[in-house]
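Encoded as structure tokens, the structure appears first; notes follow it.
Read the figures in this text as sums done on the coordinates, not as results from a lab. Predicted model only: the values in this text are computed from it and were never measured. For neighbour counting, all protein chains shown are included, and Cβ atoms are generated from backbone atoms with ideal geometry for every residue, glycine included.
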């Protein structure tokens with residue numbers, strides 16, 4: 001989910017009562033991955049940038065993955081702001097730093113399964129109810 005909060009803060013005026021917003025540091029996760037952006041203004045009301053936050057469910061994302069996704073979104077937004085005429089699909093959002101991910105074999109899933117069957121002939125291939 002991606003949200004831009006660009007509405008002015010609401011106020012509540014009741015006779016004899018003073019109310020104000022009290023921010024909290026933690027809110028329960030509403031979505032698996034939740035980017036929130038809030039417009040900032042200076043003391044004169046002039047635009048002063050956008051503040052962003054990311055909230056994610058830790059049983060689905062580890063911090064490094066969430067950080068990588070946030071980095072990609074930041075690169076996309078930076079590229080779009082820098083050159084609004086460029087189509088989004090032409091913008092490079094990936095970090096091209098060396099990765100720890102190994103190269104995958106260039107085989108089809110069927111070929112991979114066939115190799116697995118040859119390498120492990122006694123392994124269970126399929127379970128249906130109590131049948132193997």
Measuring from the longest principal axis of the C-alpha atoms of the chain, the long axis of helix 63-82 (C-alpha) lies at a number of degrees, nearest 10, equal to 60 degrees
Can you put 39, 22 in order of Cβ neighbours within 10 angstrom, beginning with the fewest? 22, 39
Between residue 13 and residue 40, what FRET efficiency follows from the Cβ-Cβ distance if R0 is 22 Å, with the result rounded to 0.05? 0.35
Quick one: if the Förster radius is 41 Å, what FRET efficiency do residue 72 and residue 123 give, using the C-beta to C-beta distance and rounding to 0.05? 0.60
Specify whether the C-alpha gyration tensor of the stretch 1-52 places it in the rounded, prolate or oblate class, a ≥ b ≥ c being the square roots of the eigenvalues: rounded for a/c under 1.5, otherwise prolate if a/b is larger than b/c and oblate if not. oblate
antiparallel share of DSSP beta bridges within the stretch 2-98, to nearest 5, in %, is 70 percent
Quick check on the chain: helices-only [θ] at 222 nm, where DSSP H runs of length 4 and up contribute -39,500 (n - 2.57) each and the sum goes over total residues. Nearest 500, please. -7500 deg cm²/dmol
Candidates 105, 23, 84; GNM for the chain (alpha-carbon contacts under 10 Å) flags as most fluctuating 105
Between 119, 92, 32, find the one with the highest GNM mean-square fluctuation for the chain; connect C-alpha pairs within less than 10 Å. 119
Shape category assigned to the chain from the gyration tensor of Cα positions, a/c cut at 1.5: oblate
How far is helix 109-119 tilted off the main Cα axis of the chain, in degrees rounded to 10, range 0 to 90? 50 degrees
Assuming a viscosity of 1.002 mPa s and a temperature of 20 °C, what translational diffusion coefficient in µm² per second does Stokes-Einstein assign to the stretch 25-65, Rh being the Kirkwood radius over Cα pairs? 177 µm²/s
Going highest first, how would you order 120-126, 70-76 by mean Cβ packing within 10 Å? 70-76, 120-126
Running a GNM on the chain with Cα contacts under 10 Å, which residue among 108, 65, 11 ends up with the highest mean-square fluctuation? 108
